[in-house]
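The values are calculated or read from the model by the stated rules, or taken from the named source; none is laboratory data. Everything numeric in this text was worked out from a predicted model, so none of it was measured. Note that we place each Cβ from the backbone using ideal geometry, even for glycine, and neighbour counts take in every protein chain shown.
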Amino acid sequence: MKTFLGFLCFLLLSQGVGGLLHHMTDGSFQLWSLVARASLFEGYEIYVSVVLIVAGLAMGAATGAVKKGGP
């Protein structure tokens with residue numbers, strides 16, 4: 001479970017940072033960020049990227065709280 005949460009944390013952080021970099025560099029990170037590719041977020045890319053970064057940080061904090069092993 002801890003490995004899965006760590007992977008999810010990395011995925012959320014990388015997509016959030018990729019979305020911000022895509023916006024700041026006028027499209028250089030097109031293949032890296034899914035936020036920039038989805039037309040659903042058109043006009044809200046920065047906000048969605050910041051939410052992904054915050055969610056990734058929260059997921060990282062939760063990863064440290066999970067006990068190793070089973071229930």
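The conditions of being crowded, with 16+ Cβ neighbours inside 10 Å and either of a type in the set (Phe, Trp, Tyr) or touching an Asp or Glu at 6+ places or on another chain (Cβ under 6 Å) (or both) are met by Gly19.
Quick check on this structure: which one of Thr63, Thr25, Thr3 is touching a Gly at 6+ places or on another chain (Cβ under 8 Å) and at pLDDT below 90?
Working: Thr25 fails: touching a Gly at 6+ places or on another chain (Cβ under 8 Å); Thr3 fails: touching a Gly at 6+ places or on another chain (Cβ under 8 Å).
Unique residue meeting the criteria: Thr63.
Can you pull out the residues in the stretch 22-39 that are of a type in the set (Gly, Ala, Ser) and over 13 Å from the mean Cα position of the chain (by Cα)?
Of the residues in the stretch 22-39, the ones of a type in the set (Gly, Ala, Ser) are 27-28, 33, 36, 38-39.
Of everything in the stretch 22-39, those that are of a type in the set (Gly, Ala, Ser) and over 13 Å from the mean Cα position of the chain (by Cα) turn out to be Gly27, Ser28, Ala38, Ser39.
Of everything in the stretch 46-66 that is among the small types (Gly, Ala, Ser) and either over 19 Å from Lys2 (Cα atoms) or surrounded by fewer than 16 Cβ atoms within 10 Å (Cβ to Cβ) (or both), the residue that is farthest from the chain's Cα centre (by Cα) is Ala65. For the stretch 3-21, the count of residues that are in contact (Cβ under 8 Å) with a residue 60 or more places away in the chain and over 12 Å from the mean Cα position of the chain (by Cα) is at least one. Restricting attention to the stretch 22-45, the residues that are surrounded by 10 or more Cβ atoms within 10 Å (Cβ to Cβ), over 25 Å from Ala61 (Cβ atoms) and of a type in the set (A, V, I, L, M) add up to 4.
Residue by residue through the stretch 1-53, note down the ones that are among the charged types (D, E, K, R) and under 30 Å from Ala65 (Cβ atoms). The answer is Lys2, and nothing else.
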